[in-house]
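Single-structure report; data block below.
The values are calculated or read from the model by the stated rules, or taken from the named source; none is laboratory data. No experiment lies behind these values; they were computed from the predicted model shown. Quick reminder, even Gly has a Cβ in these numbers, built from the backbone with ideal geometry, and neighbours come from all protein chains shown.
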Amino acid sequence: SVYKDEHIASIKVARRIADIIIRKKEKGENAILGLATGATPVEVYTELARMHKEEGLSFQNVITFNLDEYYPMHPEAKQSYVRFMDEQLFNHIDIKRENIHIPDGTLKKEDIANYCLDYERKITEVGGLDLQVLGIGRTGHIGFNEPGSAPNSGTRLVTLDDLTRRDASRDFGGKENVPTKAITMGIGTIFKAKEIILMAWSKKKAPIIRKAVEGEISSSVPATFLQLSDNVEFILDEDAASEL
Ligand code: GLP
């Protein structure tokens, strides 16, 4: 779907998330949400926080799994996705702290493989993701699944693309300060979600959105794998959709 602007689109996505939470609550079940970072979902989180404050939307039955985290990364660091999620969403809602999962950027290298298997296991144990929200990087990455990622990949340590590090350089005060690696859910992990929403705003994203939606399916643009799923919806503003 294409919406006039980012604001209207974000409110739609927030409404979809709220509906899942409410529907699950009525059944006495938890809502399992896969969450993304970056600038793209910020307004969605703002709207969810508003719904909590003004409409009493409760997150007591919500379990979240974030897509990714830089590696290495301290949770208190300014650029950490732990801090991002706290500031943008978790500090403003009533989610139970033990229900929040974000890949751990402080692990010892030798512990990462097991940690990643465990991350997958935890998602499965709670019944799988009801919804995964995604942004898209200019390399075509979803999460941090850079070009070359396999469609059946699981949660793992990956090396960031040069363009991704350049795009992140503003947050880190220079590309040389951007970590070279990250822990990310895999394409396979994302695919297991019952619903997937990919959001993109602005002209800057128009070329990669065209490739993702209309391009040949290939690991050189990981987001093209989404064409293989029936449960994916692209939610775009007019600028991001302008090359379709
Ligand atoms: C980051 C995140 C991705 C995100 C992408 C786009 O690298 N790991 O999950 O989708 O970049 O970021 P933005 O939304 O700021 O354009």
(request) Would you point out which residue out of Thr159, Thr184 is within 24 Å of Lys78 (Cβ to Cβ), touching a strand residue (DSSP E or B) at 6+ places or on another chain (Cβ under 8 Å), hydroxyl-bearing (Ser, Thr, Tyr) and more than 12 Å from the ligand (Cβ to nearest atom)? (result) Thr159
(message) Looking at the structure I just gave you, is Thr124 surrounded by fewer than 13 Cβ atoms within 10 Å (Cβ to Cβ) and among the β-branched types (Val, Ile, Thr)?
(response) yes
(message) Between Phe172, Phe144, which is near the ligand (Cβ under 10 Å from one of its atoms), at pLDDT 95 or above and among the aromatic types (Phe, Trp, Tyr)?
(response) Phe144
(request) May I ask you to list the residues in segment 1-28 that are acidic (Asp, Glu) and touching a residue at least 40 places away in the same chain (Cβ under 8 Å)? (result) Asp5, Glu6
(message) Would you confirm, using the coordinates I've provided, whether Tyr81 is on the phi < 0 side of the Ramachandran plot, aromatic (Phe, Trp, Tyr) and surrounded by fewer than 18 Cβ atoms within 10 Å (Cβ to Cβ)?
(response) no
(message) On the basis of being crowded, with 21+ Cβ neighbours inside 10 Å and over 13 Å from the mean Cα position of the chain (by Cα), does Ser10 make the cut?
(response) yes
(message) I need the full set of residues from segment 198-221 which are touching a residue at least 60 places away in the same chain (Cβ under 8 Å) and touching a helix residue (DSSP H, G or I) at 6+ places or on another chain (Cβ under 6 Å), in order please.
(response) Ala200, Trp201, Ala212, Val221
(message) Asn91 - would you say it is surrounded by 14 or more Cβ atoms within 10 Å (Cβ to Cβ) and among the polar types (S, T, N, Q)?
(response) no
(request) Kindly establish whether Lys203 is modelled with pLDDT of 95 or more, touching a Leu at 6+ places or on another chain (Cβ under 8 Å), exposed (fewer than 14 other Cβ atoms within 10 Å of the Cβ) and not β-branched (Val, Ile, Thr). (result) no
(request) Go through (1) closer than 16 Å to Ser80 by Cα; (2) crowded, with 16+ Cβ neighbours inside 10 Å; (3) of a type in the set (D, E, K, R) and name the single condition Arg156 misses. (result) (1)
(request) Name the single residue, out of those in segment 40-67 being in contact (Cβ under 8 Å) with a residue 60 or more places away in the chain, of a type in the set (A, V, I, L, M) and within 16 Å of the ligand (Cβ to nearest atom), that is nearest to Thr184 (Cα to Cα). (result) Leu67
(request) Residues being buried (at least 18 other Cβ atoms within 10 Å of the Cβ) and either aliphatic (A, V, I, L, M) or in contact with a Cys (Cβ under 9 Å, 6 or more places away or on another chain) (or both): count how many of those fall in segment 214-233. (result) 4
(request) Would you check which residues across segment 114-142 are over 21 Å from Asp161 (Cα atoms) and small (Gly, Ala, Ser) and list them? (result) Gly127, Gly128
(request) Looking only at segment 108-141, count how many residues are near the ligand (Cβ under 9 Å from one of its atoms) and either more than 18 Å from the chain's Cα centre (by Cα) or not β-branched (Val, Ile, Thr) (or both). (result) 5
(message) Ala36 - would you say it is in contact with an Asp or Glu (Cβ under 7 Å, 6 or more places away or on another chain) and crowded, with 20+ Cβ neighbours inside 10 Å?
(response) no
